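Accompanying notes for the structure given below.
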Amino acid sequence: MIAAFLIFYITITLFAMVFLGIYGVATRSNLIKKIIMLNVMGDAINMLFILIGYRLVYPVFPPIYERHITFGEFLRRAVDPVPQALVLTAVVIGMAMNILLTTYAIQFYRLHGTVDARDMAEIMGGERE
Amino acid sequence: MEVGLVPVVPLGFAFFLPFTAFFTRKNRKVVIAYALTALTAAFLSALWLFAKAYSSSEPLVYAFGNWIAPIGIVFEVDRFSANIVLTTAFGFLLAGLYSAVFIRSHGLEFFYTFLLGLEAGAFGAFMTGDAFNLFVMLEVLGASAYAIVGFYRNRSDAVEGAFKYGISGAVATSLYFLALGFIYASLGTVNMADLSAKFHGIGFPVTVKVFGDPSLALAIFFALTISTVIVKSAIFPGHYWLPDAYQGAPIPVGAVLSGFVEVVGIYALSRFLYTVFQGYLPEALSLTFFTLGVSTAFLGSVMMLVQKNVKRIIAYSTILHMGYLFMTLGVGSQLALLAINFHIVNHALAKGLLFFTVGAFIYRTGESSLDGLAGVGRGMPLTTALFAVAVLSLVGVPPLNVFFSKMLIYNALLQVSPWLASVVIITSAIAAWAYFRLFITLWRGRPVEGHGHHAGQHEGSPATGDPGLFTGINLLLALLVIGIGLLAPTVIDLYFHPAAVQAMDYRAYIDAVRKLALGVFH
């Protein structure tokens, strides 16, 4: 009962974090903060995925079949490995994205000495005139 | 050769290109020869795939590591995918050839690495039969695209465009990942054939039962997927990054981004709506497609009128055409899918021609602003004529190819409402005026004194001479634009109608995988 409530509570928190992340990416003007908020959002989604594979039973088995437990017991108690595999892929992709975006933020800093999106708009607006 | 190897060809070549460049001391000729070999190999494998998909009566299936779905990841290629893959390979080959002359700065090996990565991502996204694999391919495509848009890293517009594109794209693909979470939690699988089987109530080996209410999960899935596609395919509220990204990107990159990278989102949605969850098109969803598509089309065409940079005009033209495709998605009939497929191919060819002719002007003057390009067409009459062909085709003048796909889109929309269909005509007329202005500027305009003192605007120093390669590529594309236009009824009957029929046949789509799965698990 308490476990189910906890899962519900965690789910709500994670969804709030996803929306917070999108809000942060849209409203923060510092490019580095935008990247951080992107990570907040990505990690919240990854946690949600992990939660999908979770089992509300005790004890929970790792998804590796061992001879001394019966197969039915294994199916009932083992964690779903698929979400973990998906999250592993997404984490690696997220790291690559981080590096790429940070590179651009650094490069913009080298060119104009600022990582502020408002300055960026001003500079680019001047060049587009 | 196996079906699954087609995206591996450009990916494998891309992986070894930086090493090859390093060991040959960044020899320009070696890099170009290597990259063109890779692109030709990719084109030949796409041609092979096309022939195989059209000669086979059912979709081709390739299971990675022989792990058949729903356990493993599969590629499932039908004719709809195959003809887009072939166009993609052709477009990338031409863009690679073009870049060999056009890109004169250092770092050509990285440029080609990203171009090959982009091609691999596009191939994968068009060929995959697994919804999660589609996410991975979107990211492969996205990472290469963000990197190649910022290729001129010392120009602030390139860096700004790449950052905007990168952060918007990363948020959008994360939302698609979240959408997969809902689908997986409810339907217990991410394989497209298995999803389709569950949705249509067909049995599938080794899979779990549906959990909870799948219609709610599907609604959330489509809501999140559409928000991804809105950004990835530059539909109205999510289009803001595209003009900046195109302005920063080198011209050959613009051609492939516009023709193939933007349509990946549209392709994914049409795959989900017309094959996997065929029959799932609630009124609200259709209305979303129509509203956003119409807004995008009007926004794209009106914004074309006020731009001062030729790259931005083309960028808004891309937004306009993505609006047409997005609108058509909401119709839900076989005619709509046929129109989408034919328009994707036609738009890619005509837009490639437009980009490559404008690239020849930019190569000559080193400028992309309208003031800098004024009057340049007089010195290059053949290129200007080919530019006119591209423009007339994109506006939709009869014997050229885009006219026929626009007509199909018009017919498809007419099934819903004549008002909706009239949007295609009105926005085409507005776009025609913008193109006409551009043409007059290029052909009759007077060069403006004192332009181009902003360091950021330069495309590179002006080059002398009119490279024969550009003219050759443009002639080839113009020939295709005119040829497909003249032979449109035959081409549709031979290639696009069978593709639409096969893509709408969800039973065959499921059975191609199900048969193999039953063979293994029984």
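In summary, residue A:124 fulfils each of the numbered conditions (1) in contact with a Phe, Trp or Tyr (Cβ under 6 Å, 6 or more places away or on another chain); (2) among the aliphatic types (A, V, I, L, M); (3) at pLDDT below 90 with the single exception of condition (1).
Applying the selection to the stretch A:11-59, what residues are crowded, with 21+ Cβ neighbours inside 10 Å and charged (D, E, K, R)? Result: A:34, single match.
The residue list B:513, B:491, B:423, B:416 contains one member that is more than 24 Å from residue B:391 (Cβ to Cβ), assigned to a helix (DSSP H, G or I), of a type in the set (A, V, I, L, M) and at pLDDT 85 or above, which is B:513.
When B:3, B:9, B:31 are screened for being at pLDDT below 90 and buried (at least 20 other Cβ atoms within 10 Å of the Cβ), only B:3 passes. Against the list (1) closer than 30 Å to residue B:138 by Cβ; (2) facing chain B (nearest Cβ under 7 Å), the condition residue A:81 fails is (2).
Residues considered: B:115, B:141, B:97, B:180. Of these, the only one that is more than 11 Å from chain A (Cβ to nearest Cβ), more than 14 Å from residue B:257 (Cβ to Cβ) and in contact (Cβ under 8 Å) with a residue 24 or more places away in the chain is B:97.
Residue-wise test of (1) in contact with a His (Cβ under 6 Å, 6 or more places away or on another chain); (2) of a type in the set (D, E, K, R); (3) modelled with pLDDT of 90 or more.
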position: B:341; (1), (2), (3): no, no, yes
position: B:349; (1), (2), (3): no, no, yes
position: B:354; (1), (2), (3): no, no, yes
position: B:357; (1), (2), (3): no, no, yes
position: B:364; (1), (2), (3): no, yes, no
position: B:373; (1), (2), (3): no, no, no
position: B:382; (1), (2), (3): no, no, no
position: B:388; (1), (2), (3): no, no, yes
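Filtering B:117, B:121, B:65, B:91 for residues that are under 28 Å from residue B:510 (Cβ atoms), under 19 Å from the mean Cα position of the chain (by Cα) and in a helix (DSSP H, G or I) leaves a single hit, B:121.
Taken over the stretch B:100-112, the residue count meeting the criterion of being touching a residue at least 60 places away in the same chain (Cβ under 8 Å) and either on the phi > 0 side of the Ramachandran plot or within 14 Å of chain A (Cβ to nearest Cβ) (or both) is 1.
Tell me, which residue of the stretch B:144-153 that is within 7 Å of chain A (Cβ to nearest Cβ) and surrounded by fewer than 24 Cβ atoms within 10 Å (Cβ to Cβ) is farthest from residue B:122 (Cα to Cα)? Among them, the one singled out is B:153. If you go through the stretch B:381-427 and pick out every residue that is closer than 15 Å to residue B:304 by Cβ, surrounded by fewer than 22 Cβ atoms within 10 Å (Cβ to Cβ) and over 20 Å from the mean Cα position of the chain (by Cα), you end up with 1.
Listed by first and then second residue, the pairs with beta-carbon distance under 6 Å, at least 6 apart or on different chains, first residue in the stretch B:196-211 and on the phi < 0 side of the Ramachandran plot, second surrounded by fewer than 18 Cβ atoms within 10 Å (Cβ to Cβ), are B:198/B:210; B:205/B:518; B:205/B:521. Of all residues in the stretch A:87-115, those that are over 13 Å from residue B:170 (Cβ atoms) and more than 8 Å from chain B (Cβ to nearest Cβ) have Cβ atoms under 7 Å from Cβ atoms of residues that are modelled with pLDDT of 90 or more and not in a helix (DSSP H, G or I), 6 or more apart or on another chain, in A:115/A:30. Testing residue B:178 on (1) crowded, with 21+ Cβ neighbours inside 10 Å; (2) over 20 Å from the mean Cα position of the chain (by Cα); (3) farther than 18 Å from residue A:25 by Cα, one condition comes back false. Which one is that? Evaluating residue B:178 over (1) crowded, with 21+ Cβ neighbours inside 10 Å; (2) over 20 Å from the mean Cα position of the chain (by Cα); (3) farther than 18 Å from residue A:25 by Cα leaves (3) as the failure.
Within the stretch B:155-170, the set of residues being surrounded by fewer than 23 Cβ atoms within 10 Å (Cβ to Cβ) and at the interface with chain A (Cβ under 7 Å from one of its Cβ atoms) comprises just one member, B:156. Scanning the stretch B:12-28 for residues that are among the basic types (Lys, Arg) and either modelled with pLDDT of 90 or more or surrounded by fewer than 14 Cβ atoms within 10 Å (Cβ to Cβ) (or both) turns up just one, B:25.
The values are calculated or read from the model by the stated rules, or taken from the named source; none is laboratory data. Here the structure is a predicted model, which is why all the values come from computation and not from measurement. Heads up, the Cβs are rebuilt from the backbone with ideal geometry, glycines too, and the neighbour counts pull from every protein chain shown.
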